[in-house]
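Please read the structure below before turning to the comments.
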Amino acid sequence: MKCNITNKNVKEIMSFGKMPIANGFLNEKDKSNEYFYEMTVGLSPDLGLFQLTNFPKVEMMFHDKYPFFTNSSNYMRNHFKEYAEWISKEFIENNSDKIIEIGCNDGTMLENFKNNKIESLGIDPSGNVAKIAKDKGLNIINSFFSENLTDSLNEFKSKTKVICAANVICHIPDLNDLIKGIDKLLSKKGVFIFEEPYLGSMINNVSYDQIYDEHIYIFSAISVEKVFNLYDFELIDIYPQITHGGSMRYVLARKNEYSKSPKVNKILGEELKKGFLDIDLYMKFKLNCLRSKERLNDLIDLSLKKNKRIGGYAATSKSTTILNFCSINSNKIDCIYDTTPEKIGKLSPGAHIPVIDSEEFKINPPDTCLLFGWNHKNEIFEKEKNFALNGGKWISHIENFI
Ligand code: DWN
């Protein structure tokens, strides 16, 4: 599939090679039928939008067996509680205000609005996670968000004060359709708030593992401002976040309805100065990715030469990019420890490394452990503090991270 808002003049930056579905954890018997696509990224210079230049059909990524659950991290649960409290404080004025969350997953964010007595709606295309949210008593539609869908949402049309999302908007290929749908739902003073892994953090950390099929775009303030400007929306505020290794929260509203925070122009200016519209920046990123691949393979080979047993920690979507880009398989990494029942007992996509229950990590830890859930470092290190105390060595694909 191609991105429709941006596919004109996209300049190719690099290929990460053949990639499977990032969350396509599979059974032994399905190995021979595994789907792969060529994962290439590019930049649309007009919009400064960093994006995949092709990716699998959305139905292959989001379905009734989607194995990511927002509540799998204590830290993130708390983050969403604070996010919801902040939205209520800043934007909810009275009980007649309505809120919609696009990509509500298991309802971790939306349940925080239950006590507000405002009308809320969650929309998610993955049936299994949507069911968990429904079972919490939330108002949920199991569907992809689209302009068409808004035709069935009469009670929310032009009446919604807040549409929010977290780590979701970059999953939606058709940004034209998305914004048209948002436009139909928001009230005159309505705001669209979303947060996502931030392009600037990805470039700084060389955390190329943020790039995988679900992350069709890696946004910056410049690209968000430019894309939404096309539909008469503007960026009115912006809040850097530490989640997911460096994210950004964007607040958008119809043009001239709110005054603009000075932070917006400050961050836009900084991005321009750093060269976010300049292909050279991304060519340097490419070189850094290639160097990072070499460094990680050297680290792993060094451990193997010393007869160390290597494991991976957290079977994240991101790990699929690292393992497949760096050609690391079960000859090098024994297993990946994870908490998700839907992943345990399966093989990692492409690399086919067995995923096992993270409880095993306490009983029979490896000598060296590659931290795939690096964005959850504090939570994981606290939980697994005995590993390092007993001589275990954490490693990461991100230089100077551990
Ligand atoms: O955007 C997305 C983000 C928000 O979540 C999605 N496209 C999919 C998913 O990406 P991810 O899989 O890289 O997310 P996380 O939150 O970095 O990792 C979640 C995985 O880590 C789960 O499989 C559970 C595992 N985990 C664990 O085993 N032990 C996580 C924690 C915190 C732990 O202590």
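Over region 197-304, the hull volume per residue, using the convex hull of the C-alpha atoms, is 116 Å³. Which percent, to the nearest 5, of DSSP beta bridges fully inside the chain are antiparallel? Taking every DSSP beta bridge with both residues in the chain, the antiparallel ones total about 50 percent.
Kindly identify region 83-130 as rounded, prolate or oblate by the Cα gyration tensor criterion: order the square roots of the eigenvalues as a ≥ b ≥ c, call it rounded if a/c is under 1.5, otherwise compare a/b with b/c, prolate if a/b is larger, else oblate. Present the calculation step by step, with values, prior to reporting the outcome.
Numbers: a/c = 2.46, a/b = 2.04, b/c = 1.21.
Prolate, because a/c is 1.5 or more and a/b exceeds b/c.
At q = 0.12, 0.16, 0.18, 0.23 Å⁻¹ the log10 of I(q)/I(0) for region 260-356 amounts to -0.57, -0.76, -0.84, -1.11, computed by Debye summation with a single uniform scatterer per C-alpha, solvent ignored.
Cα-Cα pairs above 19 Å in region 64-223: how many percent? All intermediate terms of the calculation are to be shown ahead of the outcome.
On the way: 6974 of 12720 pairs.
It works out to 55 percent of all Cα pairs.
The distance from the alpha carbon centre of region 221-283 to that of region 84-106 is 22 Å, rounded to a whole number. Using the Karplus relation 6.51 cos²θ - 1.76 cosθ + 1.60 with θ = phi - 60°, the per-residue 3J(HN,Hα) values for region 111-123 come to 5, 5, 8, 3, 7, 6, 6, 9, 6, 10, 8, x, 10 Hz, with x marking Gly and Pro.
Within 10 Å, at most 11 other Cβ atoms, and a DSSP state outside H, G, I, E, B define an exposed site. Report the longest part of the chain free of exposed GluC sites (Glu not before Pro). Each step should come with its number before you reach the end.
Numbers: sites that count: Glu93, Glu155.
It works out to 156-402.
Need one number for region 310-354: average projected area of the convex hull over its C-alpha atoms, nm². Mind showing how you got there, number by number?
Numbers: hull surface 10.8 nm².
Projected area, direction-averaged: 2.7 nm².
Where both bridge residues fall in region 1-143, DSSP classifies roughly 55% of the beta bridges as antiparallel.
Scan region 52-106 for trypsin sites (Lys or Arg not before Pro) in coil per DSSP, keeping those whose Cβ has at most 14 other Cβ atoms within 10 Å, and list them by number.
Counting only loop positions with at most 14 other Cβ atoms within 10 Å, the trypsin sites (Lys or Arg not before Pro) in region 52-106 are Lys57, Lys65.
Each principal axis of the Cα atoms in region 123-200 has its own extent, and those three values, largest first, are 37, 32, 19 angstrom.
Extension gain for Glu257 to Lys131 (0.36 nm times residue separation, less C-alpha to C-alpha distance): 41.7 nm. 3J(HN,Hα) along region 158-167: 6, 10, 8, 7, 9, 10, 10, 6, 9, 6 Hz, from the Karplus curve 6.51 cos²θ - 1.76 cosθ + 1.60 with θ = phi - 60°, whole Hz, x for Gly and Pro.
Between the helical axis of 175-185 and the longest alpha-carbon principal axis of the chain there is an angle of about 40 degrees.
Once the Cβ-Cβ distance between Asn71 and Asn116 is put in as r, and R0 is 22 Å, what FRET efficiency do you end up with, to the nearest 0.05?
Working: r = 20 Å, r/R0 = 0.90.
The formula returns an efficiency of 0.65 here.
Checking the a/c ratio against 1.5 first, then a/b against b/c, what shape does the Cα gyration tensor give for region 301-402? Verdict is rounded for region 301-402.
Given the Cα-Cα distance of Lys385 and Ile279 and 0.36 nm per residue of separation, how much length would full extension add, in nm? Provide the component values of the computation, followed by the final result.
Working: separation 106, 0.36 × 106 = 38.16 nm, distance 4.20 nm.
Separation in residues times 0.36 nm, less the Cα-Cα distance, equals 34.0 nm.
Using only the C-alpha atoms of region 143-261, find the volume of their convex hull and express it per residue in Å³.
Once divided by residue count, the hull of region 143-261 is 97 Å³.
Calculated over the chain, the projected area of the Cα convex hull averaged across directions stands at 19.0 nm².
Size descriptors for region 59-155, from the alpha-carbon set: Rg then Dmax equal 13.4, 40 Å.
Using a Debye calculation, one point per C-alpha and no hydration shell, please list log10 I(q)/I(0) for region 275-316 at q = 0.17 Å⁻¹ in order. Listed by q, the Debye log ratios stand at -0.64.
Can you give me the C-alpha center-to-center distance between region 325-353 and region 110-166, rounded to a whole angstrom? Here the two parts' Cα centres lie 33 Å apart.
When restricted to Cα atoms, region 344-402 yields an Rg and a Dmax of 12.0, 33 Å, respectively.
Coordinate-derived values only; no laboratory data. Given the structure is predicted, the values throughout are model-derived calculations rather than measurements. So basically every Cβ, Gly included, is an ideal-geometry build from the backbone, and we count neighbours across all protein chains shown.
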